[in-house]
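Peer 1: Right, I'll just put the structure down here and ask away after.
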There are 2 protein chains.
Amino acid sequence: MAKIIESVPNISSADSAIVEEIAGVVRSTPGVTLLNTSSDASHNRSVITFVGDPAGVEEAAVSLAKVAARCIDLTHHTGEHPRMGAVDVVPFIPIREVSMDECVALSRRVGERIWAEAGIPVFLYEASASAPHRENLASIRKGQFEGMEQKVQQPEWEPDFGGRTIHPTAGVVAVGARAPLIAFNINLSTNDVSIADKIARVIRQSGGGLNCVKAMGVYLKERDTAQVSINMTNYCQTPLYRVVEFVRFEAARYGVSIVGTEIVGLVPMRALIDSAEYYLGIEQFDPETQVLEYRLS
Amino acid sequence: MAKIIESVPNISSADSAIVEEIAGVVRSTPGVTLLNTSSDASHNRSVITFVGDPAGVEEAAVSLAKVAARCIDLTHHTGEHPRMGAVDVVPFIPIREVSMDECVALSRRVGERIWAEAGIPVFLYEASASAPHRENLASIRKGQFEGMEQKVQQPEWEPDFGGRTIHPTAGVVAVGARAPLIAFNINLSTNDVSIADKIARVIRQSGGGLNCVKAMGVYLKERDTAQVSINMTNYCQTPLYRVVEFVRFEAARYGVSIVGTEIVGLVPMRALIDSAEYYLGIEQFDPETQVLEYRLS
């Protein structure tokens with residue numbers, strides 16, 4: 001089997017001409033397949049998803065950063081989502097026959113090249129972080145583009161590549177390796193968002209709940225429904241079924257049930273297989289030898 | 001993505017030297033990967049599992065039939081499992097980027113060649129059958145090797161290739177295309193096999209239960225447990241979760257519950273993903289665009 005790495009850069013623009021130019025650069029990189037682009041106008045932000053072999057993914061990520069630096073000017077940028085750079089974050093995710101260490105090494109090469117070739121200073125984050133306080137993207141991004149020139153003067157916030165002068169229009173960028181992330185929402189049989197909020201607070205890691213789970217309550221206007229909106233940062237540590245069952249029994253104390261769930265975007269098959277194994281009660285099951293697709297070359 | 005077909009020939013021998021010779025022939029066929037061999041001494045029978053591109057699978061199946069015809073003599077064969085040929089049955093299963101029609105066409109080419117090159121008359125069965133009464137393997141095999149010389153004289157039982165003279169030591173063979181089969185067992189919280197039997201009778205298609213489900217009650221000596229032993233011949237028509245929930249509510253009338261389930265051998269990922277989707281309550285989910293592995297080339 002060939003090595004496959006996924007990358008999901010976020011750029012600070014929802015302009016379709018810019019997104020199309022960046023998509024074209026990714027599409028034309030040998031060894032890389034563009035899977036998806038998704039733009040949010042109110043966030044003024046787009047997510048570009050691609051997969052490929054390590055060398056191809058490296059080239060596509062660096063090329064994408066160069067185009068973003070040329071086309072996107074953060075001095076004129078507004079949008080609801082926090083951001084610090086024209087290309088805001090470049091995650092690398094091991095998919096097949098690739099270790100997290102290989103993705104960390106790739107992120108360092110890409111970080112060096114983004115500084116050398118696009119002139120954007122780089123913070124390494126998540127599994128690639130050079131210190132624990134730099135693992136979390138939100139901590140790095142705090143202060144956003146407008147505060148970054150001041151922030152990088154602090155001793156603990158010098159970028160990993162490029163020194164203390166931010167790019168005048170493209171800011172800085174976070175580059176790093178991380179596990180696949182699953183965006184998973186659970187809709188409740190109530191429109192009372194305070195219930196979704198209370199459930200979110202007890203299931204998420206920061207509230208002492210489940211490891212590798214971020215959650216918040218959201219009101220869905222179009223369905224008049226309260227939703228627990230979840231990011232699962234490591235589905236191997238905390239499987240999907242555990243989140244569903246946890247939400248189910250917490251919701252029960254408010255007389256509320258789960259009416260449906262939603263997976264936004266891509267999900268690795270293993271995350272679904274693990275939940276099937278739990279619910280079907282399969283004993284002594286070994287996905288790597290028994291699931292046909294793992295055996296295909 | 002490359003086309004992949006699976007084949008699971010059953011041969012009428014558990015002799016390790018013969019199985020090794022046949023495995024070697026499959027292994028050395030270009031474009032084919034041998035996944036598994038499994039021999040049962042009391043059945044005096046082995047199952048050879050391999051996958052590959054259509055041309056490779058064709059070559060491997062014909063080569064395997066030639067070796068089986070040379071090494072296995074049914075005139076001296078005893079075993080618990082019904083059988084009619086040295087190579088008893090050769091199923092072809094569409095796995096990836098291949099239609100059932102392509103597998104039917106492959107089975108016809110292989111059938112012609114097994115007659116031409118190994119001298120074994122061939123019945124086409126399942127999706128490849130030339131008449132409805134020849135779809136079911138058990139109907140074709142009825143009478144077994146010892147009765148086959150008589151049986152092929154009947155107007156409705158002339159083989160599709162090779163005419164009415166069976167191979168003197170290798171008998172006849174069934175060749176055909178079929179959907180993937182899942183061997184799925186459900187263990188009950190009782191050692192009373194009559195309960196497993198009653199459940200099996202109501203869930204199986206022949207008892208008016210679920211489509212594409214075969215089932216029988218079995219007593220597992222080593223666990224002192226009653227088991228519903230199930231063959232699922234089309235998991236797209238009847239998904240795994242439906243069998244589990246059906247058994248669960250039928251078992252409840254005897255005060256019995258499910259203590260665990262078991263998948264024997266290989267299972268396609270889609271069968272597990274469909275059940276995860278059901279139990280997790282995922283709405284508007286499209287595995288072909290949302291499951292990462294479907295998107296990898």
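Rule-based calculations on the coordinates, nothing more; no lab input. On a predicted model such as this, the values are computed, not experimentally measured, just so you know. A quick note on method: Cβ atoms are made from the backbone with ideal geometry, for glycine too, and the neighbour counts reach across all protein chains shown.
Peer 1: Name the residue that is nearest to the other protein chains (Cβ to nearest Cβ), counting only residues in the range B:288-297 that are free of Cβ contacts under 8 Å to residues at least 24 places away in the same chain and in contact with a helix residue (DSSP H, G or I) (Cβ under 6 Å, 6 or more places away or on another chain).
Peer 2: Filtering the range B:288-297 for residues that are free of Cβ contacts under 8 Å to residues at least 24 places away in the same chain and in contact with a helix residue (DSSP H, G or I) (Cβ under 6 Å, 6 or more places away or on another chain), the one nearest to the other protein chains (Cβ to nearest Cβ) comes out as B:Val291.
Peer 1: Continuing with the same structure: Going through the range A:191-226 one residue at a time, which ones are out of contact with any strand residue (DSSP E or B) (no Cβ under 7 Å at 6 or more places or on another chain), outside any helix (DSSP H, G or I) and more than 18 Å from A:Ser257 (Cβ to Cβ)?
Peer 2: Residues satisfying the conditions are A:Gly208, A:Gly209, A:Leu210, A:Asn211.
Peer 1: Hey, among B:Phe184, B:Phe246, B:Phe285, which residue is within 14 Å of chain A (Cβ to nearest Cβ), out of contact with any Cys (no Cβ under 6 Å at 6 or more places or on another chain) and in a loop (DSSP other than H, G, I, E, B)? Outline the logic, then answer.
Peer 2: Working: B:Phe184 fails: in a loop (DSSP other than H, G, I, E, B); B:Phe246 fails: in a loop (DSSP other than H, G, I, E, B).
Of B:Phe184, B:Phe246, B:Phe285, the one residue that is within 14 Å of chain A (Cβ to nearest Cβ), out of contact with any Cys (no Cβ under 6 Å at 6 or more places or on another chain) and in a loop (DSSP other than H, G, I, E, B) is B:Phe285.
Peer 1: Taking the stated definitions as given, is A:Ile195 closer than 21 Å to A:Arg253 by Cβ, in contact (Cβ under 8 Å) with a residue 60 or more places away in the chain, aliphatic (A, V, I, L, M) and in contact with a Phe, Trp or Tyr (Cβ under 6 Å, 6 or more places away or on another chain)? Talk me through it step by step, then tell me what you get.
Peer 2: Numbers: closer than 21 Å to A:Arg253 by Cβ: yes; in contact (Cβ under 8 Å) with a residue 60 or more places away in the chain: yes; aliphatic (A, V, I, L, M): yes; in contact with a Phe, Trp or Tyr (Cβ under 6 Å, 6 or more places away or on another chain): yes.
Judged against the criteria, A:Ile195 is a match.
Peer 1: Which condition breaks for A:Leu34 when tested against (1) in a loop (DSSP other than H, G, I, E, B); (2) within 14 Å of chain B (Cβ to nearest Cβ)?
Peer 2: Unmet for A:Leu34, out of (1) in a loop (DSSP other than H, G, I, E, B); (2) within 14 Å of chain B (Cβ to nearest Cβ): (1).
Peer 1: Search the range A:250-273 for residues being at the interface with chain B (Cβ under 8 Å from one of its Cβ atoms) and either basic (Lys, Arg) or assigned to a loop (DSSP other than H, G, I, E, B) (or both), and hand back the single one that is surrounded by the fewest Cβ atoms within 10 Å (Cβ to Cβ).
Peer 2: A:Gly265
Peer 1: Restricting the range B:144-156 to residues that are in contact (Cβ under 8 Å) with a residue 24 or more places away in the chain, out of contact with any strand residue (DSSP E or B) (no Cβ under 8 Å at 6 or more places or on another chain) and of a type outside the set (A, V, I, L, M), which is surrounded by the fewest Cβ atoms within 10 Å (Cβ to Cβ)?
Peer 2: Kept after step one, since they are in contact (Cβ under 8 Å) with a residue 24 or more places away in the chain, are these residues of the range B:144-156: B:144-145, B:148, B:152, B:156.
Okay, now just the ones that are also out of contact with any strand residue (DSSP E or B) (no Cβ under 8 Å at 6 or more places or on another chain), so B:144, B:152, B:156.
Subset that is of a type outside the set (A, V, I, L, M): B:144, B:156.
Numbers: B:Gln144: 17, B:Glu156: 8.
Top of the filtered list is B:Glu156.
Peer 1: Can you tell which of B:Val26, B:Val47 is part of a strand (DSSP E or B), under 24 Å from B:Cys103 (Cα atoms) and away from chain A (no Cβ under 14 Å)? If you could, list the steps in order and put the result at the bottom.
Peer 2: On the way: B:Val26 fails: part of a strand (DSSP E or B).
Going through B:Val26, B:Val47 in turn, just one is part of a strand (DSSP E or B), under 24 Å from B:Cys103 (Cα atoms) and away from chain A (no Cβ under 14 Å): B:Val47.
Peer 1: Report whether or not A:Ala276 is small (Gly, Ala, Ser) and more than 7 Å from chain B (Cβ to nearest Cβ).
Peer 2: Working: small (Gly, Ala, Ser): yes; more than 7 Å from chain B (Cβ to nearest Cβ): no.
So A:Ala276 does not fit the description; no.
Peer 1: Further question on the same structure: Could you say which residue among B:Gly56, B:Gly79 is more than 26 Å from B:Leu296 (Cβ to Cβ) and not in a strand (DSSP E or B)?
Peer 2: Unique residue meeting the criteria: B:Gly79.
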